[in-house]
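Trainee: One structure follows; several queries about it will come next.
The values are calculated or read from the model by the stated rules, or taken from the named source; none is laboratory data. No experiment lies behind these values; they were computed from the predicted model shown. So basically every Cβ, Gly included, is an ideal-geometry build from the backbone, and we count neighbours across all protein chains shown. Ligands, DNA and RNA are stripped out before the accessible areas are found, and what is left, the full protein with its side chains, is counted by its heavy atoms. Shrake-Rupley method; radii C 1.70, N 1.55, O 1.52, S 1.80 Å.
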Amino acid sequence: MTATTVDAATDVVPARTARNRPVPAPTPYRRVLRVELRKMFDTRSGYWLMASIVITSVIATALTVILGDRGTLDFEDFAAAIGSPMSIVLPIIGVLAVTSEWSQRTALTTFTLVPHRSRVLSAKLVNTLVIGLVSMVVALGVGALGNLLTSVITGNDAIWNVSAGAFAQIVLANELGMLLGFALGLLFRNSPAAVVGYFVVTMVLPGLSGALASAQQWWADNAAWFDLNESRFLLFDGSLTGQEWAQLGLTSVLWIALPLLLGLRLVLRSEVK
């Protein structure tokens, strides 16, 4: 008896080849800049904060014309009057440029759409500095109109005694204030904490530094090497000496660059919820 062996046919299933999905192109940096700029304006608080730049400039100019001695008013008087509210409003813009992502709970969405957080943060920083520059130009234009109006009222020639160099120093002083606010925003990632921190640095610490200078001669002689306010406010007064520029550079590193780097490291490494 012979056994018949039947070889069962085996079906060979062809291996499935994985589809090659195209790698999506990274979001263009211009688009990131444009979106981050729009986010600074598209909330009610952001809109009115930006509008307050023009509003405070107009109010400061009007009060200078009404209350000032019109016979002696010049462009420097208007620049000084406008500079005071600008030194308060602009750093808050720097703070909110960062902290709004956490206060509005949009950080997770933002960093999901653009996973490279450094690109988002750099776009926020660029927009903050550009807004500061444009704001100062607008404020200077409002002050120029006030100077011309005073000239028309009094019949005297308008005095233009703010040079391009002096204006550049004023812009630098306000940009440093915005950078300080931006750094504190990265460090705290909370709007009230960062705003309070900014006012502590700019309003409380100068008083403490003055008290310490009155008690310690060494601090009175060397405070400008450690006090950002003392060195930064010299930019509003006129030209700086070489030593004063060095003091400004050192205090900027201590009070702006180091907190900025620390805050950047925290944002890049922390878990976003």
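Trainee: Would you kindly calculate the mean projected area, averaged across all directions, of the convex hull enclosing the Cα atoms of region 48-149, in square nanometres?
Mentor: Numbers: hull surface 27.6 nm².
Result: 6.9 nm².
Trainee: Moving on. Obtain the nm distance between the two label points defined at VAL253 and ARG38 by a simple spin-label model: each point lies 7 Å from its Cα along the Cα-to-C-beta direction.
Mentor: Those two pseudo-labels are separated by 4.1 nm.
Trainee: Okay, moving on. With the contact rule set at Cα under 8 Å and sequence spacing of 6 or more, what percent relative contact order holds for region 189-258?
Mentor: Values: 40 pairs, mean separation 17.2, N = 70.
Here the relative contact order equals 25 percent.
Trainee: Multiplying the sequence separation of ALA193 and ILE55 by 0.36 nm and subtracting their Cα-Cα distance, what value in nm do you get?
Mentor: Value of the extension gain: 47.1 nm.
Trainee: Let me ask another. Between HIS116 and ALA158, what is the label-to-label distance in nm when each label sits 7 Å out along the Cα-to-Cβ direction?
Mentor: Distance between label points: 4.6 nm.
Trainee: Also, I was wondering about something else. Return one whole number: the accessible area per residue of region 55-99 in Å², for a 1.4 Å probe.
Mentor: On the way: 1780 Å² over 45 residues.
Value for region 55-99: 40 Å² per residue.
Trainee: In whole angstrom, how far apart do the alpha carbon centroids of region 91-129 and region 163-234 sit?
Mentor: Each part reduced to its Cα centre gives a spacing of 23 Å.
Trainee: Assuming 0.36 nm per residue, please report the length gained on full extension of the stretch TRP48 to VAL200 beyond their Cα-Cα distance.
Mentor: Working: separation 152, 0.36 × 152 = 54.72 nm, distance 2.41 nm.
Computed gain between TRP48 and VAL200 is 52.3 nm.
Trainee: Right, something else. Using the C-alpha atoms of the chain, what convex hull volume per residue, in cubic angstrom, is computed? Walk me through the numbers before you get to the answer.
Mentor: Numbers: hull volume 60.9 nm³, N = 273.
Taking the convex hull of the Cα positions in the chain, it is 223 Å³ per residue.
Trainee: While we're here: Based on the Cβ-Cβ distance from PHE226 to LEU268, what FRET efficiency comes out when R0 is 45 Å, to the nearest 0.05? List each step's numbers first, then the result.
Mentor: Numbers: r = 29 Å, r/R0 = 0.63.
According to the calculation, E is roughly 0.95.
Trainee: Return one number: the angle in degrees, 0 to 90 and rounded to the nearest 10, between the long axis of the Cα atoms of helix 75-103 and the longest principal axis of the Cα atoms of the chain.
Mentor: Rounded to the nearest ten degrees, it is 20.
Trainee: Another question, if that's okay. Counting pairs of alpha carbon atoms under 8 Å apart in space and at least six apart in sequence, what relative contact order in percent does the chain give?
Mentor: 22 percent
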